[in-house]
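Colleague: The structure under discussion is supplied below as structure tokens; questions concerning it will follow.
The values are calculated or read from the model by the stated rules, or taken from the named source; none is laboratory data. Since this is a predicted model, take the numbers as computed values, not measurements. Virtual Cβ from ideal backbone geometry, glycine too; neighbours counted across all protein chains shown. For the accessible areas, the whole protein counts, side chains as well, though only heavy atoms, and no ligand, DNA or RNA atoms are used. Shrake-Rupley method; radii C 1.70, N 1.55, O 1.52, S 1.80 Å.
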Amino acid sequence: MKELQNRILQDGIAVNSDILKVDSFINHQVDPALMLRIGQEFADHFKDRGITKVATIESSGIAPALMTAQCMGIPLIILKKQPSRILNDNLYQTEVTSFTKGTSYELTLSSSFVDESDHVLIIDDFLANGEAATGAIRLLRKAHATVAGIGILIEKSFQPGHEKLVEQGFDVYALARIRRMDTGVIEFLS
């Protein structure tokens with residue numbers, strides 16, 4: 001998506017070869033008009049997959065996932081990074097290691113919102129090593145749901161996440177695929 005690539009070049013900050021800050025328009029301050037166009041792009045790409053729900057991991061994926069769900073006219077499910085005090089029965093859980101933060105967390109899904117009849121589209125802001133997406137897939141499989149596709153805003157193509165997910169048979173659709181990144185340098189795949 002050329003608009004997203006241009007916005008990354010304009011407002012993104014490549015801190016080093018691993019960290020890209022997009023907090024001015026994606027994950028701290030959110031540009032709702034851009035998120036709506038991103039949601040429409042994902043909805044158009046995945047329109048013929050029989051998708052019944054969109055899922056994302058809190059919190060940076062919520063805005064684009066919500067817009068995707070809105071454009072598709074289906075519910076959004078937010079996978080929690082820790083269970084709430086009131087959400088404690090009938091949970092699916094799995095451990096995920098965050099590439100960005102270098103920490104692990106317990107990813108949680110309530111069994112009340114997903115079942116074997118669901119075809120779920122996973123939306124996330126970044127794809128690096130594929131750990132977050134793999135954790136989401138594990139949870140959805142525990143619920144016996146079908147993963148219908150994975151939509152990613154920004155893919156670090158120089159890291160193994162994309163290949164790891166594609167090798168498992170998933171359709172991974174990334175809107176901005178970064179070939180190389182370094183301090184002050186961002187290069188996209190053509």
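Colleague: Counting only the backbone N, which residues of the stretch 146-177 are under 14 Å from the spot 7 Å out from the Cα of residue 190 toward its beta-carbon?
Modeller: So the set is empty, nothing qualifies.
Colleague: For the stretch 1-136, rounded, prolate or oblate, judged on the Cα gyration tensor with a ≥ b ≥ c (square roots of eigenvalues), a/c < 1.5 rounded, else prolate if a/b > b/c?
Modeller: Numbers: a/c = 2.06, a/b = 1.23, b/c = 1.68.
Note, shape of the stretch 1-136 comes out oblate.
Colleague: Trypsin sites (Lys or Arg not before Pro) within the stretch 1-63: which are DSSP loop residues with at most 11 other Cβ atoms inside 10 Å? Please list the in-between numbers first.
Modeller: Details: sites: 2, 7, 21, 37, 47, 49, 53; in loops: 47, 49.
Taking the stretch 1-63 and a limit of 11 other Cβ atoms within 10 Å, the loop trypsin sites (Lys or Arg not before Pro) found are 47.
Colleague: Where in the stretch 156-187 does the label zone of residue 11 land, with the point 7 angstrom along Cα→C-beta and an amide N cut-off under 20 Å?
Modeller: Within reach of a label on residue 11: 156, 175-178, 184-187.
Colleague: Here is a follow-up. Label 7 Å along Cα→Cβ of residue 116; the stretch 133-172 residues with amide nitrogen under 16 Å?
Modeller: So the set is 140-147.
Colleague: For a quick check of your reading of the filter: which GluC sites (Glu not before Pro) in the stretch 43-148 sit in a DSSP loop and have no more than 10 other Cβ atoms within 10 Å? Mind dumping the intermediate values first?
Modeller: On the way: sites: 58, 95, 106, 116, 131; in loops: 58, 116.
Sites meeting the loop and neighbour criteria: 116.
Colleague: Can you give the % of DSSP beta bridges in the stretch 1-137 that are antiparallel, to the nearest 5? Could you put the intermediate results ahead of the total?
Modeller: Details: 10 of 17 bridges.
Taking every DSSP beta bridge with both residues in the stretch 1-137, the antiparallel ones total about 60 percent.
Colleague: A further question follows. Taking only protein heavy atoms into account and a 1.4 Å probe, give the accessible area per residue of the chain in Å². Each step should come with its number before you reach the end.
Modeller: Values: 9250 Å² over 190 residues.
Value for the chain: 49 Å² per residue.
Colleague: Moving on to the next point. So which aspartates and glutamates can residue 142 reach, going by Cα to Cα under 12 Å and dropping same-chain residues fewer than 8 places off?
Modeller: 115, 116
Colleague: Angle check, please: helix 2-11 long axis (alpha carbons) against the longest principal axis of the chain (alpha carbons), in degrees 0 to 90, nearest 10.
Modeller: The angle comes out near 70 degrees.
Colleague: Relative contact order for the chain using alpha-carbon pairs under 8 Å, separation at least 6, rounded to a whole percent? Please report the intermediate quantities before stating the final value.
Modeller: Working: 386 pairs, mean separation 39.2, N = 190.
21 percent.
Colleague: Still on this structure, I have one more. Taking the Cα atoms only, what angle lies between the long axis of helix 32-45 and the longest principal axis of the chain, rounded to 10 degrees?
Modeller: 70
Colleague: While we're here: Expressed as an acute angle from 0 to 90° and rounded to the nearest 10, what is the orientation of the C-alpha long axis of helix 131-142 relative to the principal long axis of the chain?
Modeller: Roughly 20 degrees, rounded to the nearest 10.
Colleague: Further question on the same structure: If you roll a 1.4 Å probe over the stretch 57-190 with all protein chains in place, what percent of the accessible area is carbon or sulfur? Display every interim value, and only then the final one.
Modeller: Details: 3050 of 6390 Å².
Here carbon and sulfur together make up 48 percent of the probe-accessible area.
Colleague: If you restrict to DSSP beta bridges whose two residues both lie in the stretch 61-175, what percentage is antiparallel, to the nearest 5?
Modeller: Numbers: 8 of 19 bridges.
Beta bridges within the stretch 61-175, antiparallel portion: roughly 40 percent.
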